[in-house]
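Q: Take a look at the following structure, please.
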Amino acid sequence: MQINLVKEYKAAWKQCVNSQLLNDGELDHIEKVYQNLLDRSLENLDDLTMVLTAGKLRMSDDERLAMIDRIYNQMENKLQFLRVYNNQTSMLLLGRTKERNDAKSIEKIYSK
């Protein structure tokens, strides 16, 4: 899930930057959302490492499994959030592309 999260956020970030449809403030906000999501997902990986490393935590097998399930669910939620966020960002870019194309069409009509 971590690999998917990183791949998907990098692809979406590249789309945002390359589109040239977002201002600096919007790009900063998106970058902060991605960075926060990445930081939280790395915390989940640290937690998982702690659970799986022998001698790090005193836990019963049931407690370890419960913690692994909790970490899995948290990562699943992060990935789902990322996909929704990326979809919303793509819709924003699509709308702005349409507006820009409409403006160009109107300009062509009135410049004749």
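The values are calculated or read from the model by the stated rules, or taken from the named source; none is laboratory data. What you see is a predicted model; the values in this text were computed from it and never measured. When we count neighbours, we look across all protein chains shown, and the Cβ atoms used for this are built from the backbone with ideal geometry, even at glycine. For accessibility, only protein heavy atoms count, side chains too; no ligands or nucleic acids. Shrake-Rupley method; radii C 1.70, N 1.55, O 1.52, S 1.80 Å.
Q: I'm trying to understand the selection: among the residues of region 23-55, which are under 22 Å from Gln80 (Cα atoms) and outside any helix (DSSP H, G or I)?
A: Listed by number, the list is empty, since nothing qualifies.
Q: Still on this structure, please answer the following. List the residue pairs whose Cβ atoms are under 9 Å apart, where the first residue sits in region 93-112 and is within 30 Å of Ala12 (Cα to Cα), the second is part of a helix (DSSP H, G or I) and open to solvent by less than 70 Å² (accessible area, probe 1.4 Å), and the two are 6 or more positions apart or on different chains.
A: Correct list of pairs: Leu93/Cys16; Leu93/Ser19; Arg96/Ser19; Thr97/Ser19.
Q: If you check Lys56, Lys78, which single one turns out to be within 10 Å of the chain's Cα centre (by Cα) and not acidic (Asp, Glu)?
A: Lys78
Q: Right, here's the next one. Would you pick out the residues in region 9-25 that are in contact with a helix residue (DSSP H, G or I) (Cβ under 8 Å, 6 or more places away or on another chain), free of Cβ contacts under 8 Å to residues at least 24 places away in the same chain and not aliphatic (A, V, I, L, M)?
A: Trp13
Q: If you don't mind, there's one more thing I want to ask. Name the residues in region 47-65 that are surrounded by 11 or more Cβ atoms within 10 Å (Cβ to Cβ) and either modelled with pLDDT of 95 or more or acidic (Asp, Glu) (or both), would you?
A: Asp47, Glu63
Q: Among the residues in region 60-72, are any in contact (Cβ under 8 Å) with a residue 12 or more places away in the chain and among the β-branched types (Val, Ile, Thr)?
A: Yes, region 60-72 has at least one match.
Q: What's the number of the only condition in (1) more than 19 Å from the chain's Cα centre (by Cα); (2) surrounded by 13 or more Cβ atoms within 10 Å (Cβ to Cβ); (3) not small (Gly, Ala, Ser) that Ile106 fails to meet?
A: Ile106 satisfies all of (1) more than 19 Å from the chain's Cα centre (by Cα); (2) surrounded by 13 or more Cβ atoms within 10 Å (Cβ to Cβ); (3) not small (Gly, Ala, Ser) except (2).
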